[in-house]
Amino acid sequence: MRLAVSSRRRLLGSALVLGALSLCSANAVAQSPAEIQQARTLYSQGLTQEAASDWAGALASFEKVSRIRMTPQVRFHIARCKEKLGRLNEALGGYRLAEHEAGTTDGVPESVLTEVRTAREALEKRIPRLIIERGEGADSAKIALDGVELGQAQIGREVNVDPGPHVIKVTLPDGRRFERTVQVKEGEQDQVMLDVPPDLQPIAEDDEDAAKDDDADQAGPVAFDSKDAVASSGGSPMPWIIGGLGVASLAASGVFYILRNQANSDLDAECINDVCPDTLEDTQSRGESYSMLTGVTLGIGVVGISVAAIWLLTGSSSGEAKATPSKHLRFDVGFDPRRPSVGLAGHF
């Protein structure tokens, strides 16, 4: 009888302890028995998938467990799956959290803490480090690594990255951009010097006129000379054809101007302090193209209408030109690739 009473007391004591633990757990996360059973099933499923090297499937199972109840063991297995999937930085953060929780949570076996610490130390040796430096012309540029803008404190210092290719985007103060792609390997440190390409370097004021002349020569200015064009206007359809093309070009210029304003409106609505998300890069490119086309078609339209008008006004009814070699009007159209513009020059 005494043995039966003693056993009953021990059993009652164990039940009280388990009940207290269950109550604390219920008060902490409001878990039902069905949720606890589901978490256990998913945890066992995740261990099985790990054993089969199905890391993506195991990660999905453990993440479902974490939404029911997160423990240092669950966090450790999530980090382990991410490590096997190549997401080393996420895995390292998970190991560090799991190590902290295992060391501060009552009831976690010492073996769990040891296993987590060993995994964390081994992974830290595999993490690649990338150092990004500002080069010539990039002193005030904005730098983004894989779509995330870096702060000044991260420039020139080691940044942990995952192995593989990484894209560095540099945005200059005037909005122009260039990119660099760097490939990093496990356990290595790589340094990137961001020098602005020569074609994006700012042009000094003394050299600006010379650069414009060079651009005009390369673009091949188009010249319209009334002396050469006006040979005979009597009965010729050419002035009407040229004038019609000029009118059509002016109409196209208006369309491109509207499209340019729409692109600028989209940028103004989404950009904050001249900083635009990467999703608007195409919009910015379209706006620049529309701006260029607006200037080109406007210039062609003005020249076309002017030539047609001069042709008609200087022509004679008998078909003889009134213009002489010493008195004629000349139009020169030049395009500046850096700033869309059209230049008209005339003289008698």
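Points to keep in mind about this one:
- Qualifying residue in the stretch 254-269 (condition: of a type in the set (Val, Ile, Thr) and at pLDDT 75 or above): yes
- In the stretch 226-253, the residues that are at pLDDT below 70 and either in a loop (DSSP other than H, G, I, E, B) or out of contact with any helix residue (DSSP H, G or I) (no Cβ under 7 Å at 6 or more places or on another chain) (or both): 227, 228, 230, 231, 232, 233, 234, 235
- Selected residue [part of a loop (DSSP other than H, G, I, E, B), among the β-branched types (Val, Ile, Thr), modelled with pLDDT of 85 or more and within 23 Å of the chain's Cα centre (by Cα)] from 192, 170, 182, 196: 196
- Where a residue in the stretch 41-69 is closer than 17 Å to residue 98 by Cα and its partner, wherever it lies, is among the aromatic types (Phe, Trp, Tyr) and in a helix (DSSP H, G or I), with Cβ under 7 Å and at least six apart: 65/43
The values are calculated or read from the model by the stated rules, or taken from the named source; none is laboratory data. Everything quoted here is computed from the prediction, not taken from an experiment. Glycine gets a Cβ as well: all are built from the backbone with ideal geometry, and neighbour counts include every protein chain shown.
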